[in-house]
Structures are given as structure tokens and as C-alpha cells.
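Engineer: Have a look at this one.
The values are calculated or read from the model by the stated rules, or taken from the named source; none is laboratory data. The model shown is predicted, which means the values in this text are computed figures rather than measured ones. Here the Cβ is made from the backbone with ideal geometry for all residues, glycine too, and neighbour counts use every protein chain on show. What goes into the accessible areas is simple: the full protein's heavy atoms, side chains included, and nothing from ligands, DNA or RNA. Shrake-Rupley method; radii C 1.70, N 1.55, O 1.52, S 1.80 Å.
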Amino acid sequence: MKDIHHYLCRCLRTKVRARSKIKEIAQQLYAIDKGLKLGFLWDVGYLSMDEVSNLLDSLKAANLLQDTVVVVQIGHNSADDFGVCHMNRFVGQQLHPIVIDVSAGHAAPRLANERVATVCNDVINLLETGLENIRSLQDPNSAGRKNTKPVLWPLGDNFCRTTAYGLFVGYPIVYWYDTELTQDNCLSHVPLTVFQAGIKGQTDESFSPFVSFSVPNVLLNEQVVNYGITSWKESITRNNLQCVSFSRVFSNVIM
């Protein structure tokens, strides 16, 4: 990761003033390149999608990123959110995250019904199809590198963006709420367990996670939730990463 960090410090020092943000970008790109997480929602550094695409191209040319790391536009509008993922590791992952319904009308968070789970799986399939189409156009035998066109992930206007972000990052647990009814949720004052993972640092370095998600405590003993978290922890152990968890209660949860 140090090589990526040093490279970004040279490239981004006039665009991203905060050193901590450059370090965060380097950490996220390294994690995706090495298969430690599926995607990274680009919400740091105030860079446009085109600027990030050009940055990835320069990192690839410097042999610091694999050619299959791509930019994904989340939604039909080019002004929408975007992120970065590794197409080969995302396609064929057979993702089945556990979806928790936190719609404001509920007295407490609950497991989403089958209809919601099916919609989420369909959305994942849309992204996988777009990534597969881009991958099929790449010729591994062609000389030199070619710029990869950003992948469009078409989302319906009413699809919960919070869910989309969780699916893209690769969380084992994602939240969903009915955006046609409200933008609020039922997580306020609900005890949550936060799970975080990051690269093991030196003894004098503070823990800097690149993955962080939460689960309502009331659902931790649900069999499917427990299985999802256990599987995630096992993958963290296999990759020799550091994992921490702690409880939090928030007076207001904004998604």
C-alpha cells in the first residue's frame, strides 16, 4: 500500500489537501486491488468521475493497480454517485447479503421479506452484467493498456441508495427501507454492534478500518445474520486483517 500512497501523494497534493484523505484513498484502492473488499464508494477528495478514471489509468500504467479495477457510475445520471471495484472479483461472487428492513414504520428492525431480497438480488445481477460486458470487451493479448469505460449501474429512482451502497461495498449485512413512503428509518436509539476491519498496522499506528458496518443487536442471534457475520469474520482472518467490534446507540441515524 505504501507505493500507492506515495504515488497518490505526488498526484493529488494540489487537489486533495488533507493527507488523511489521500491515505484513505490509497488504503481503499489497495484493498480492492488485493480482493480484500468488493467496492469503494468514492466520497472523498472531491474528485470527479472523469478525474478518478484518469487517476486509475495512471496507477495502472505505473503497475500499481490491475487493469480490471474500474469505475462504476451508480445511477443513470452522470452527476450521481460513483465508486471503484475490481470487476473480476465482483462478477461471479454469488453475493447473498442479509437484508435488514429498517423502514420508519416498524417498531424495530426486522429481516426483509422475500420480495425485498429478490429485488436486491436483481440489482446485484444488473451490476454483474455490466461488469461482465466490459470484461468481455477487453483483449488480454492486446499490446498496451487501454482506458476502461466507466460501467453504468442503472438503478431505479425508487431503489434505496443505502442498500445499493452496501451491496457495492460488499457488506454481509445491508439496510433497506421503503423510499416510496419515507426517507426515515427506525434505527434511532436502537443498540447497534459495529464491525470494522482493516490492515494490521505497526504497534505505533492507530487502527484505520477500510470496512465498517453495523447490525442491530436485536438481530444478532438470528441464524442467517449470525451465519453472515461468522462467514465475514472467517474471510477477515484468512486475509490476515484486523477486526474489531463495539456497541453504539445513536439518537439519530442518517442514511
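Engineer: Rank these by accessible area, largest first, 1.4 Å probe: K15, K2, K21.
Structural biologist: K2, K15, K21
Engineer: Rounded to the nearest 20 debye, what is the charge dipole size of segment 1-249 about its Cα centre when +1 sits on each Lys and Arg Cβ and -1 on each Asp and Glu Cβ?
Structural biologist: 1000
Engineer: Ok, one more. Going out from 0 in 10 Å bins, what whole percent of all Cα-Cα distances in the chain drops into each bin?
Structural biologist: Answer for the chain: a P(r) of 7, 29, 35, 23, 6, 0 percent.
Engineer: Now for a different question. Return one whole number: the accessible area per residue of the chain in Å², for a 1.4 Å probe.
Structural biologist: I get 54 Å² per residue for this part.
Engineer: Which value in nm describes the separation of the simple spin-label points at A18 and Q66, placed 7 Å from the Cα toward the beta carbon?
Structural biologist: According to this spin-label approximation, the distance is 3.0 nm.
Engineer: What does the charge count around A117 come to, taking other residues whose C-beta lies under 13 Å from its C-beta (Lys +1, Arg +1, Asp -1, Glu -1)?
Structural biologist: -1
Engineer: For the chain, what % of the accessible area comes from carbon and sulfur atoms, probe 1.4 Å?
Structural biologist: Solvent-exposed carbon and sulfur of the chain make up 47 percent of the total.
Engineer: Using only DSSP helix segments of four residues or longer, with each worth -39500 (n - 2.57), what per-residue ellipticity at 222 nm results for the chain after dividing by its residue count and rounding to 500?
Structural biologist: -11500 deg cm²/dmol
Engineer: Using a 7 Å offset from the Cα along the Cα-to-Cβ direction at both R10 and S247, what is the distance between the two label points in nm, to one decimal?
Structural biologist: Placing both labels 7 Å along Cα→Cβ, they lie 5.0 nm apart.
Engineer: Can you give the accessible area of M255 in Å² (nearest 10), computed on protein heavy atoms with a 1.4 Å probe?
Structural biologist: My reading of the accessible area for M255 is about 80 Å².
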